[in-house]
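**Q** The structure under discussion is supplied below as structure tokens; questions concerning it will follow.
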Amino acid sequence: MSLLEQYEQQYASLIAEITAHIGRLQQQNNNSERHDLCSKIDSSLPEAQELLEQMGLEVRELNPGQRSSFNGKLQVAQAELKRLQAEYRMTKDKQRSQANAFTTLDLGDSYEDVSISTDQRQRLLDNSERIERTGNRLTEGYRVAVETEQLGAQVLNDLHHQRETLQGARARLRETNAELGRASRTLNTMMLRALREKVVLYGVGVCFVVAVGVSLYLTFAPSSSSSVSS
């Protein structure tokens, strides 16, 4: 069992104990018993608050999905503790007012006080229901917020991958352009070399033709002059 679960069980047990003490306090008429119950409740309420704080510290160490669930539970637990604190204060105020009423009012006024306390209890029940509904709405809000956060994280992750893909494609495009540039320079160099070789070849051919013509001229020119002189 984790430390958070232990805190949760201790808190549930403590809240049940406080609720039982408050219920006994509402029915108790003995001053000594009331004093003992008030002492127990006064020591238990700060302990419950401290447990909530410890649970809040442990929740911070959880992953986002678990954290949202326990945050909702913490909100409901805090609301329940506040309700018990308010009920405890109203119970003590009611008992003080009843004690004062018994010393100053007659029996008819006592019945009126009982009806007032019933109205107060009804208001407390209504407030408890409203707090519970508020806690449920907070839990649902946390769930929606966590789902939105997860969706946003997924979108950012997809955008990050797409950015890496675009950067890789851009790098490959630059490499391709560089390769094309080198290929173009190599092709231009080969064309210039072929052109020079062609020019040299033409020059050699012309020289050869001239040499053959000169050789033929030198070969046949003397014999022609000899024939004419004879």
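The values are calculated or read from the model by the stated rules, or taken from the named source; none is laboratory data. Model, not experiment: these values are computed from the prediction. Here the Cβ is made from the backbone with ideal geometry for all residues, glycine too, and neighbour counts use every protein chain on show. For the accessible areas, the whole protein counts, side chains as well, though only heavy atoms, and no ligand, DNA or RNA atoms are used. Shrake-Rupley method; radii C 1.70, N 1.55, O 1.52, S 1.80 Å.
**Q** In whole percent, how big is the carbon plus sulfur part of the accessible area of the chain, probe 1.4 Å, protein atoms only?
**A** So the carbon and sulfur contribution to the accessible surface is 57 percent.
**Q** How high is the relative contact order of the chain, in percent, counting Cα pairs under 8 Å that sit 6 or more residues apart?
**A** 19 percent
**Q** Per-residue HN-Hα couplings for segment 154-171, Karplus 6.51 cos²θ - 1.76 cosθ + 1.60 at θ = phi - 60°, whole Hz, x for Gly and Pro?
**A** Whole-Hz 3J(HN,Hα) from phi for segment 154-171: 5, 5, 4, 5, 4, 5, 5, 5, 5, 5, 5, 5, 5, 5, x, 5, 5, 5.
**Q** Also, quick follow-up: In debye to the nearest 20, how big a dipole does the chain give about its Cα centre with +1 on each Lys and Arg Cβ and -1 on each Asp and Glu Cβ?
**A** That gives a dipole near 2280 debye.
**Q** Starting from 0.36 nm per residue, how many nanometres of slack lie between Asp93 and Val209 once their C-alpha separation is accounted for?
**A** Full-extension gain reported as 28.3 nm.
**Q** With every atom except the alpha carbons ignored, what do you get for Rg and Dmax of segment 143-220, in angstroms?
**A** Taking only Cα atoms of segment 143-220, I get Rg and Dmax of 33.5, 114 Å.
**Q** Using the Kirkwood radius over Cα pairs, work out the Stokes-Einstein diffusion coefficient for the chain at 20 °C and 1.002 mPa s, in µm²/s as a whole number.
**A** Diffusion coefficient, whole number: 79 µm²/s.
**Q** For the chain, what does -39500 (n - 2.57) per DSSP helix run (n ≥ 4), summed and divided by total residues, give at 222 nm, in deg cm²/dmol to the nearest 500?
**A** The helix-only estimate for the chain comes to -35500 deg cm²/dmol at 222 nm.
**Q** Now for a different question. Give me the count of lysine pairs in the chain whose alpha carbons sit under 22 angstrom apart, restricted to pairs 8 or more positions apart or on different chains.
**A** The number of close lysine pairs in the chain is 6.
**Q** Give me the accessible area per residue for segment 135-230, probe 1.4 Å, as a whole number in Å².
**A** Normalised by residue count, the accessible surface of segment 135-230 is 87 Å².
**Q** Right, something else. Cα centroid distance between segment 140-179 and segment 1-75, in Å?
**A** Their Cα centres are 45 Å away from one another.
**Q** Provide, for q = 0.16, 0.17 Å⁻¹, the log10 of I(q)/I(0) from a solvent-free Debye sum over equal Cα point scatterers in segment 1-102.
**A** The calculated log intensity ratios at q = 0.16, 0.17 Å⁻¹ are -0.71, -0.77.
**Q** Just to confirm a number: summing +1 for Lys and Arg and -1 for Asp and Glu over residues other than Ala178 whose beta-carbon lies under 12 angstrom from that of Ala178, what do you get?
**A** +2
**Q** Something else about it: State in Å² the accessible area per residue of segment 42-90; use a 1.4 Å probe, count heavy atoms of protein chains only, and round to the nearest integer.
**A** Using a 1.4 Å probe on heavy atoms only, each residue of segment 42-90 averages 54 Å².
**Q** If you don't mind, there's one more thing I want to ask. Taking the full set of protein chains and a 1.4 angstrom probe, give the accessible area of Glu58 in square angstrom, rounded to the nearest 10.
**A** 60 Å²
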